[in-house]
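Shown next, in structure tokens, is the structure this report addresses.
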Amino acid sequence: MDSFRQAFDLLFSLDRELLQILGVTMRMSFFSTAISCLIGLPLGALIGTKSFKGKSFLKKLIHTLMGLPPVVAGLFVYTLFTHYGPFGELNLLFTVKIMVIAQVILITPIVTGLSSSFIESTSKPIIETARGLGLNNLKIVGLCLSEGRTSLVSIVLTAFGRSIAEVGAVSIVGGNIQWKTRVMTTAIMLETNKGKFSFALALGIVLLLIAFVVNALASFMVKEAKND
Amino acid sequence: MIEIKSLKKTYRERTVLDIDKLVIDDGTILAVAGANGSGKSTLLRILACQLKATEGEIASPENSLYMPQQAYAFRGNLIDNITLSGADRETAKQLLEKLELSHLSEKKATSLSGGELQRLSLCRVLSRKAELLLLDEPTSACDVRGAELVVNAIKEYREENGCTVVMSTHAPALALKAADRMIILGNGKIEADGTPADIFNKPETDWAKSFTAGWKTDA
């Protein structure tokens, strides 16, 4: 109960550092989700609708990458962007940008895998019917998106959930630097290591509250669209 | 005119369609019958450019419409489901009336029964103009009255537009009432070709006899 009280105190005290951490967390999660969806959704649509050589292997590869351990992704990005790495000159290590890059590597396979499965199973009758009516590709894509919006919102939420809850990759490439790259999850890890369990738990509750609000908003939007 | 030459469709080693020659004159209503897996839907899907043939030549009108076997209900009411293909509301209402669905026009399409949904699917197709109409088992989910409405609507559409209709069916009544010509497919090959009445009453081959024997009890 103490943790709950502390969580609400934290939220309503408008603590400057907490707000900054929240800001970085939301910025990182928003951009990594958006970029992953921009890459993953069209890629998933392509894999879901087209037949090509090597499709089965590509699907296996994507399914494997869906389970990519975050620390491995973090290490991979760290190696690429470290001072001696191929992209070292960009000086992106320990910035929010590199955290977004690591997250995109982690989340894009999830978005691609889920959307290709959805399109393969659900969109087939939609595409068949729409093509049969002689509708153009743009209209067909519009119909698929409209018909599958509940599933698509679930995919986006899954990506956002993965992004906001991630700790391994962002701590490796971001470094958990105060006032710069510290996010909710790395802050929780730090507070736990310091033995401030109650405060860490309070931060966890704040993180859950954010996830809940985002989910509730998405559910509301889907419900509104259904009633149209 | 539709002209098919040496058409083959194979899945791995299995040949599901093997038509040496088939010519369909303009304005004909052709019923394609045959047992499950005989290649009826494959033929229609190839003609509708939904499926690629493994080999062969097809000359058919580009302006075609295709109604799949599994009718799909898009979100929205019945009118929305018809107007999404570009038809105006008035046309949609007329078609719904013709297929006796106007009392459901404001209902959600997802709430329809199988037979109603199949009639809605036909409305959607008939709301557009085409030279070739491809219908995959258009009455499979309909009751007697529903099937009669479908037959009348297809014939009326053909009269108004002068188009060619190719429809697959398991229903002898549909073939007898609507079609000018019928082919029976067996293992992907044409086993019988003629008017539905001739094939039904005077089957020439043993294969056609055994196939239509089952129909005589149904019709």
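The values are calculated or read from the model by the stated rules, or taken from the named source; none is laboratory data. These numbers were taken from a predicted model, which means no experiment stands behind them. Cβ: placed from backbone, ideal geometry, glycine included. Neighbour counts: every protein chain shown. These area figures cover heavy atoms from the full protein model, side chains too; ligands, DNA and RNA do not enter into them. Shrake-Rupley method; radii C 1.70, N 1.55, O 1.52, S 1.80 Å.
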Worksheet item: Scanning for something under 22 Å from A:M28 (Cα atoms), touching a Ser or Thr at 6+ places or on another chain (Cβ under 6 Å) and either surrounded by fewer than 18 Cβ atoms within 10 Å (Cβ to Cβ) or at pLDDT below 90 (or both), does segment A:139-162 turn up at least one residue?
Response: no
Discussion item. Looking at the structure I just gave you, is B:I154 more than 11 Å from chain A (Cβ to nearest Cβ), surrounded by 19 or more Cβ atoms within 10 Å (Cβ to Cβ) and either over 13 Å from the mean Cα position of the chain (by Cα) or among the charged types (D, E, K, R) (or both)?
Written reply: no
Worksheet item: Does segment B:51-65 contain at least one residue that is open to solvent by less than 20 Å² (accessible area, probe 1.4 Å), within 30 Å of B:I4 (Cβ to Cβ) and modelled with pLDDT of 95 or more?
Response: yes
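The rows are residues; the columns are (1) over 26 Å from A:G175 (Cβ atoms); (2) in contact with a Ser or Thr (Cβ under 9 Å, 6 or more places away or on another chain); (3) assigned to a helix (DSSP H, G or I); (4) touching a residue at least 60 places away in the same chain (Cβ under 8 Å).
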| position | (1), (2), (3), (4) |
| --- | --- |
| A:R5 | yes, no, yes, no |
| A:F8 | yes, no, yes, no |
| A:L19 | no, no, yes, no |
| A:S51 | yes, no, no, no |
| A:L80 | no, no, yes, no |
Response to the item:
Residues of segment A:119-139 being within 11 Å of chain B (Cβ to nearest Cβ), in a helix (DSSP H, G or I) and not small (G, A, S), in sequence order, are A:T122, A:K124, A:P125, A:I126, A:I127, A:E128, A:T129, A:R131, A:K139
Item to complete: Looking only at segment B:183-205, count how many residues are open to solvent by 70 Å² or more (accessible area, probe 1.4 Å) and at pLDDT below 85.
Response: 3
Fill in: All strands (runs of 3 or more DSSP E) inside segment B:1-112 with 3 or more residues being within 30 Å of A:R149 (Cβ to Cβ) and touching a residue at least 60 places away in the same chain (Cβ under 8 Å)
B:64-67
Worksheet item: What single numbered condition from (1) within 19 Å of B:E3 (Cβ to Cβ); (2) within 14 Å of chain A (Cβ to nearest Cβ) fails to hold for B:S85?
Response: (1)
Worksheet, complete the sentence: Scanning segment B:164-177 for residues that are out of contact with any helix residue (DSSP H, G or I) (no Cβ under 7 Å at 6 or more places or on another chain) and open to solvent by less than 10 Å² (accessible area, probe 1.4 Å) gives B:T164, B:M167
Worksheet, complete the sentence: Quick count over segment A:172-207, residues being in a helix (DSSP H, G or I), under 25 Å from A:T79 (Cβ atoms), open to solvent by 30 Å² or more (accessible area, probe 1.4 Å) and in contact (Cβ under 8 Å) with a residue 40 or more places away in the chain, is 1
Item to complete: For segment B:129-149, enumerate the residues that are within 18 Å of B:A73 (Cα to Cα) and either within 14 Å of chain A (Cβ to nearest Cβ) or open to solvent by less than 10 Å² (accessible area, probe 1.4 Å) (or both).
Response: B:L135, B:D136, B:E137, B:P138, B:G146
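Scan segment A:208-215 and tell me whether some residue there is over 23 Å from A:I101 (Cβ atoms), part of a helix (DSSP H, G or I), open to solvent by less than 50 Å² (accessible area, probe 1.4 Å) and modelled with pLDDT under 90.
Looking for residues that are over 23 Å from A:I101 (Cβ atoms), part of a helix (DSSP H, G or I), open to solvent by less than 50 Å² (accessible area, probe 1.4 Å) and modelled with pLDDT under 90, one finds none in segment A:208-215, hence no.
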Worksheet entry | Residue check, A:A165 open to solvent by less than 40 Å² (accessible area, probe 1.4 Å), in contact (Cβ under 8 Å) with a residue 12 or more places away in the chain and not β-branched (V, I, T) | no
